[in-house]
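Down below is the structure, laid out as structure tokens.
The values are calculated or read from the model by the stated rules, or taken from the named source; none is laboratory data. Note that the coordinates shown come from a computational prediction; the quantities given were computed from them, not determined experimentally. Methodologically, a virtual Cβ is constructed for each residue, glycine included, from the backbone with ideal geometry; neighbour enumeration extends over all protein chains shown. Ligands, DNA and RNA are excluded from the accessible area calculation, which covers all protein heavy atoms including side chains. Shrake-Rupley method; radii C 1.70, N 1.55, O 1.52, S 1.80 Å.
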Amino acid sequence: MRLHDGGAPAVVNARSGTPQPQLRGRDAVAIIVGIVIGAGIFKTPSLVAGTTGDGGWAIAAWLTGALISLAGALCYAELAAAYRHAGGDYHFLTRAYGRDASFLYAWARATVINTGAIALLAFVFGDYVSTVLPLGAASGAIWAAIIVTVLTVVNIVGLRASARTQNLLTVIEVGGLVAVVVAALMMRSTVSAPPVALFSNTPAPGVFGLAMVFVLLTYGGWNEAAYLSAELRGGKRAIMPVLLASIAIVTVVYLAVNLALLHALGLTGLADSKAPGADVMARAFGLLGSQVIALVVAVSALTSINATMIVGARTNYAMGRDWPALRFMSGWHAARGAPVASLVVQGVIALALVAFGALQHDGFEAMVEFTAPVFWAFLFLVGVAVFVLRARDANIERPFRVPLYPLTPIVFCGACAWLAWSSIAYAASRNAIRVSLLVMAVGVAAWMVTRFHARHASRVG
């Protein structure tokens, strides 16, 4: 038995090894961009345009999302540089608040946040592939289960294989979005659509907050870079350029997509569209264009699923090292550079959620509604951890420090608190908040069981 970076007891199987720096910077950027730029960008522009009711405020929302993400990335860069660990923000929460608080976050990630994202994106993939190759009445769910299984196997094969897969998928995904932008800019703006209004209709703060929930849902995922810090080449400062480059790429792509869609469809046309990217491509290239964009959406879902699997299994691995009852997830296969047991557990839970979603009226929407409040509440605690750990660990080397401290982390914490409240209000309005409470209640029960097991193991030892 030895102590890992967080000071918590951990048993490491010598045959399985520990995370090693195998990732290049561009691999990490591809993983993060792949997580962030998912199928959501093909849906949320219409929701943001309809919510704000003004083209200027819609673009302002996307710019605000970029600034909030940048503030958060700077906070994460300081934490990840000082505390390199495969556990990512689970590890930061452990350092700041102890294992009990971080267990609940790891529980939420393992059962809802990551696995729920994998399942809902698998349904997106299944729905689009089913339009080309249907497999019967439950085609979407069948394809979802197939792709979860296939990508789990790819990640079990090893980090290098999953990283190469991610690089290829990210290039196809971004290329597809560029095609939408070019097609939209080449089109003349819809003749029947009035000119796009810019800041002529100011939305109420609550309405703008709802728009920001959709925007930051689409920006979500940049924080997953922290889970790669222990496997990134280049030393402790290498995580900072990865985060900044990822957010810069995502911001440019998102602004270009939204400006192009507003140009091609107009504000009303964009707000009324269920699939704005498909509408633009269909108008520009007919049926072939709509089929191409369907393929791009499917690839986008694949990209996000694969990237989420890579980082999500790292939480299970870190939790397994901290809790004796979950030690079966603490193995790390040195040759493959992957936490194999954690990947298997993640895949099984994701498949269970796919089966659950197949029985619901709209499993995708339900998962989004009950994951957002939990996610933003814990992200707020990570922001506060910057202050807690600076005060507590004053002697620890910090290769990178948040600029404009304490203003930057204050802005990030304030944004997270606001978004947590907006998400709770939105989920409550859709009668979905009780699902979040139920999941966390089960997490508390699981924490009590693992806590009892840990005390019993220490007495026996």
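Solvent exposure of region 253-409, expressed per residue, is 38 Å² of accessible area, with all protein chains present and a 1.4 angstrom probe.
Using the alpha-carbon positions of region 284-354, Rg (one decimal) and Dmax (whole number) come out as 17.4, 58 Å.
Distance between the pseudo-spin-label points of residue 295 and residue 387 (7 Å out from Cα toward the beta carbon): 5.2 nm. Our compactness index for region 236-311, the C-alpha radius of gyration over the empirical 2.2 N^0.38 Å, is 1.39. The peptide list 378-388, 25-35, put in order of mean Cβ contacts within 10 Å with the highest first, becomes 25-35, 378-388.
How much of the accessible area of region 52-117, probe 1.4 Å, is carbon plus sulfur, in whole percent?
Values: 910 of 1230 Å².
Of all accessible area on region 52-117, carbon and sulfur atoms account for 74 percent.
Spin-label model, residue 199 to residue 146: label points 7 Å out along the Cα-to-beta-carbon direction sit 5.1 nm apart. Of the trypsin sites (Lys or Arg not before Pro) found in region 254-328, those in coil by DSSP whose Cβ has at most 10 other Cβ atoms within 10 Å are 274. Placing R0 at 22 angstrom, the Cβ-Cβ distance between residue 401 and residue 255 gives a FRET efficiency of 0.15 after rounding to 0.05.
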